[in-house]
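**Student:** First the structure, then my questions, so here it is.
The values are calculated or read from the model by the stated rules, or taken from the named source; none is laboratory data. All figures in this text were calculated on a predicted structure; none of them were measured in a lab. Using ideal geometry, Cβ is built from the backbone for each residue, glycine included, and neighbour counts are taken over all protein chains shown.
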Amino acid sequence: MKKFQAEIDVMPKKEILDPQGKAVTGSMKNLGLSEIHNVRIGKHVTLEIDAENEEAAHSKVDSACKSLLANLIMESYTFSLKAI
């Protein structure tokens, strides 16, 4: 078995309204940062996984994202793997 670390980013889909991002965008103007716009807020997840190889680790992380970490109706995800 090898150990891998996954770095996962889950973000609202572009066509979905992001109220938290909208609020932060509005606050940027109040802070004198009006050049910052279209803020989108998501989540970042890191995890470690034991797997036979990188392909197996990739499959397990993808499964975790689809079944638990992301709501595929409203969110998309990307991830990277590295051996540790």
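**Student:** Just the residues that are among the small types (G, A, S) and more than 14 Å from the chain's Cα centre (by Cα), please, taken from region 68-84.
**Tutor:** Residue satisfying the conditions is A83 alone.
**Student:** To continue, here is another question. Residues of region 26-35 being of a type in the set (S, T, N, Q) and either in contact with an Asp or Glu (Cβ under 9 Å, 6 or more places away or on another chain) or outside any helix (DSSP H, G or I) (or both), which ones?
**Tutor:** S34
**Student:** Among the listed residues K22, K3, identify the single one that is in contact (Cβ under 8 Å) with a residue 24 or more places away in the chain and on the phi < 0 side of the Ramachandran plot.
**Tutor:** Just one listed residue meets the conditions, K3.
**Student:** Condition check: over 12 Å from the mean Cα position of the chain (by Cα), hydrophobic (A, V, I, L, M, F, W, C) and surrounded by 14 or more Cβ atoms within 10 Å (Cβ to Cβ). Does L47 satisfy that?
**Tutor:** yes
**Student:** Checking the condition out of contact with any Asp or Glu (no Cβ under 6 Å at 6 or more places or on another chain) and either farther than 25 Å from V24 by Cβ or buried (at least 16 other Cβ atoms within 10 Å of the Cβ) (or both), which residue from N38, N53 passes?
**Tutor:** Every option except N53 fails the conditions.
**Student:** OK, next. Would you say S63 is assigned to a helix (DSSP H, G or I), among the hydroxyl-bearing types (S, T, Y) and within 17 Å of F4 (Cβ to Cβ)?
**Tutor:** In short, yes.
**Student:** Please give the number of the condition K14 fails out of (1) at pLDDT 95 or above; (2) touching a Ser or Thr at 6+ places or on another chain (Cβ under 9 Å); (3) outside any strand (DSSP E or B).
**Tutor:** (1)
**Student:** Next question. Name the single residue that is surrounded by the most Cβ atoms within 10 Å (Cβ to Cβ) among those in region 70-84 being of a type in the set (A, V, I, L, M) and touching an Asp or Glu at 6+ places or on another chain (Cβ under 9 Å).
**Tutor:** So the first thing to find is which residues in region 70-84 are of a type in the set (A, V, I, L, M), and the list is 70, 72-74, 81, 83-84.
Checking which are touching an Asp or Glu at 6+ places or on another chain (Cβ under 9 Å) leaves us with 81, 83-84.
Numbers: L81: 18, A83: 11, I84: 9.
Filtering first and then ranking leaves L81.
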